[in-house]
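Beneath this line is the structure, given in structure tokens, with notes to follow.
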Amino acid sequence: MSTDQEAPESQVKAENGTANEQPHTELAEHELTIEELQQALAQAEHKAQENWDKAVRAQAEMENLKRRTQKDLEDAHKFALTGFAKELLPVLDSLVLGLQAATGDSEEVKKFREGSELTIKQFESVFAKFKIETIDPIGQPFNAEQHQAMAMQAVDGVEPNTVVNVFQKGYMLNGRLLRPAMVLVAKAAEKKPTDTPSIDEQA
């Protein structure tokens, strides 16, 4: 066999060897691509989880903001009359004091009393309409959140810390204090010191 005839055979073997090695290279490249895809998928899942957490937090913040805004609006409606109501209280106080001072049986006094009582009732009706409640705690336990103690006094037959007199009524608007009631509070009677026998009596 000649050299020319052997050359093609060697070339065929070389080409076959190259052809046999090529699938291994393609398989390696394919495996590397899968790893990259897995990494990219893991990163995408992590990013998606972060975005989901942000979305949940944003939703929670929006709900909290909505509740706070709703409460602020409700409070604004409930307590819009606070300043106006406080200005009316001294007027009502003056009417009550005037009625208490109106004594006598003359026609003028009777008419004044009738007019004052009618006006006071109208005030009370308006107060009730707008949820303004009166604090008149006589005979009730002292409540520091609603009462202002002007003085304390020992009173026989009355439990200590009981309101025994109201100098000025208090008021609340929708459960919020407008003005505390000014009161006199009972206190425990002071115990008199027991007389100790003298030396002569002991002897």
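The values are calculated or read from the model by the stated rules, or taken from the named source; none is laboratory data. What you see is a predicted model, and the numbers here were worked out from it, not measured in a lab. Quick reminder, even Gly has a Cβ in these numbers, built from the backbone with ideal geometry, and neighbours come from all protein chains shown. Just so you know, the surface numbers come from the protein's heavy atoms only, side chains and all, with ligands and any DNA or RNA stripped out. Shrake-Rupley method; radii C 1.70, N 1.55, O 1.52, S 1.80 Å.
The table below lists the values:
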{"quantity": "Separation in nanometres of the label points that stand 7 Å from Cα toward Cβ, at Phe84 and Glu36", "calculated": "7.4"}
{"quantity": "Proximal charge balance of Leu89 [Cβ under 11 Å; K/R count +1, D/E count -1]", "calculated": "+1"}
{"quantity": "Charge tally in the Cβ shell below 14 Å around Asp75, where Lys, Arg are +1 and Asp, Glu are -1, Asp75 excluded", "calculated": "+4"}
{"quantity": "Fraction of accessible area attributable to carbon and sulfur, region 37-79 (%, probe 1.4 Å)", "calculated": "57"}
{"quantity": "Qualifying chymotrypsin sites (Phe, Trp or Tyr not before Pro) in region 92-177, DSSP loop, other Cβ atoms within 10 Å at most 14", "calculated": "Phe130"}
{"quantity": "Dipole in debye (nearest 20) - region 37-79, about Cα centre, beta carbon charges: Lys, Arg +1; Asp, Glu -1", "calculated": "120"}
{"quantity": "Shape metrics for region 37-79, restricted to C-alpha atoms - Rg then Dmax, Å", "calculated": "18.6, 62"}
{"quantity": "Rg followed by Dmax, in Å, when region 80-187 is reduced to its Cα trace", "calculated": "15.8, 45"}
{"quantity": "Region 37-79, accessible area per residue, ligands and nucleic acids excluded (1.4 Å, Å²)", "calculated": "92"}
{"quantity": "Potential extension, Asp93-Asn51 segment - 0.36 nm per residue separation minus Cα distance", "calculated": "8.9 nm"}
